[in-house]
Amino acid sequence: MFPQHEVTSLNAHLHAFPDAGTVFSVTQPWLKEHFLPLISIDLSALNPHWTGTTLHMLNPFEPFEGLIGEDTEEHHNEFTSANWLAFRLNAENQYEFLGNEGYFLNATINQEKSVAGDLQAQVVEMRASYVKAKQQFHETGKLITDDCGEQAYLDTLGGGMTYGNWPETAEIPTAFSMQLPPYGTSYEELDKLPNNGISITLQGKPFYFIAQVAGYNWCEQGADAIILLFEPISRTVLFTFDWS
């Protein structure tokens, strides 16, 4: 794996604003109602053994408040829980969601829930700011700019996992196993450990850290860090979110 670095310019391995039709499986067309595709990452940039494999960084429309999946526990399964969700990467490098559509509060089945109306207003706002950012990118070749300058396409690409709030924000789905460093381990000690002492596996096979980015680098809303993990043997893609 290549060491971690911030991405402020694109190359042949990185494609901003991919079309949803290339990101999501045709068998789950409703996925585009729950995510904004941010950037596609050709994994040969990180590991030559992964040539031909492309992952996609996504910004979910949810949560309106709290955590994604927090209010839809009745629709969780072994691959989804509050603040965690998983996909299978198919042969066409498209995502197949491993949960149920009811996991998303904005799904039709959940429209009676009280927060759904507020969430729909947030979806409209996020779509509008995403379209604006996409237009600016096509016109100028740059991402959103603000008083601090141009935002990074990815805050981190490659390297290992970094300890933060995300490992302990919510229970990981039952299909996965996560081990954390001992309580009280100092940041100095964490920096000496692979993946800061974090291990996430699926049936004994390890996940690798791919990238992370703040959702608001790309549009009006989003987590402080959208974290993208990958298990290459089963081609399982795992997302979680860090909130400062």
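In region 45-58, of all residues being modelled with pLDDT of 95 or more and among the aliphatic types (A, V, I, L, M), the one that is farthest from Phe207 (Cα to Cα) corresponds to Leu58. Please work out if Gly141 is among the small types (Gly, Ala, Ser), open to solvent by less than 50 Å² (accessible area, probe 1.4 Å) and within 21 Å of the chain's Cα centre (by Cα). Spelling it out, it is not the case that Gly141 is among the small types (Gly, Ala, Ser), open to solvent by less than 50 Å² (accessible area, probe 1.4 Å) and within 21 Å of the chain's Cα centre (by Cα). With respect to the conditions (1) aromatic (Phe, Trp, Tyr); (2) touching a helix residue (DSSP H, G or I) at 6+ places or on another chain (Cβ under 6 Å); (3) in a loop (DSSP other than H, G, I, E, B); (4) modelled with pLDDT of 95 or more, Trp30 falls short on a single one, namely (3).
Only one of the numbered conditions (1) within 16 Å of the chain's Cα centre (by Cα); (2) surrounded by 16 or more Cβ atoms within 10 Å (Cβ to Cβ); (3) not basic (Lys, Arg) is not met by Gln151, and that is (1).
Taking region 155-229 as the region of interest, none of the strands (runs of 3 or more DSSP E) fully inside it holds 2 or more residues being touching a Cys at 6+ places or on another chain (Cβ under 7 Å), closer than 21 Å to Tyr103 by Cα and not small (Gly, Ala, Ser). Of the listed requirements (1) part of a loop (DSSP other than H, G, I, E, B); (2) under 17 Å from Ile227 (Cβ atoms), Leu55 misses just one: (1).
Hey, does region 94-109 have a residue that's of a type in the set (D, E, K, R) and loosely packed, with under 14 Cβ neighbours inside 10 Å? Checked against the condition, which is being of a type in the set (D, E, K, R) and loosely packed, with under 14 Cβ neighbours inside 10 Å, region 94-109 yields no hits at all.
Kindly indicate whether any position in region 75-89 is in a loop (DSSP other than H, G, I, E, B) and free of Cβ contacts under 8 Å to residues at least 12 places away in the same chain. Checked region 75-89: no residue is in a loop (DSSP other than H, G, I, E, B) and free of Cβ contacts under 8 Å to residues at least 12 places away in the same chain.
Residues that are within 21 Å of Thr201 (Cα to Cα), open to solvent by 10 Å² or more (accessible area, probe 1.4 Å) and in contact (Cβ under 8 Å) with a residue 12 or more places away in the chain: does region 22-44 have at least one?
Keep residues of region 22-44 that are within 21 Å of Thr201 (Cα to Cα), which gives 43.
Next cut, open to solvent by 10 Å² or more (accessible area, probe 1.4 Å) only: none.
No.
What residue, among those in region 235-244 that are closer than 23 Å to Ala82 by Cβ and in a loop (DSSP other than H, G, I, E, B), is most open to solvent (accessible area, probe 1.4 Å)?
Only one residue tops the list, namely Ser244.
If I ask for residues that are of a type in the set (Asp, Glu) and open to solvent by 10 Å² or more (accessible area, probe 1.4 Å), which ones from region 195-234 would you list? Passing the criteria: Glu220, Asp224.
The values are calculated or read from the model by the stated rules, or taken from the named source; none is laboratory data. These numbers were taken from a predicted model, which means no experiment stands behind them. Cβ coordinates were reconstructed from backbone atoms using ideal geometry, including for glycine residues, and neighbour counts include every protein chain displayed. Note: areas computed on protein heavy atoms with side chains; ligands, DNA, RNA excluded. Shrake-Rupley method; radii C 1.70, N 1.55, O 1.52, S 1.80 Å.
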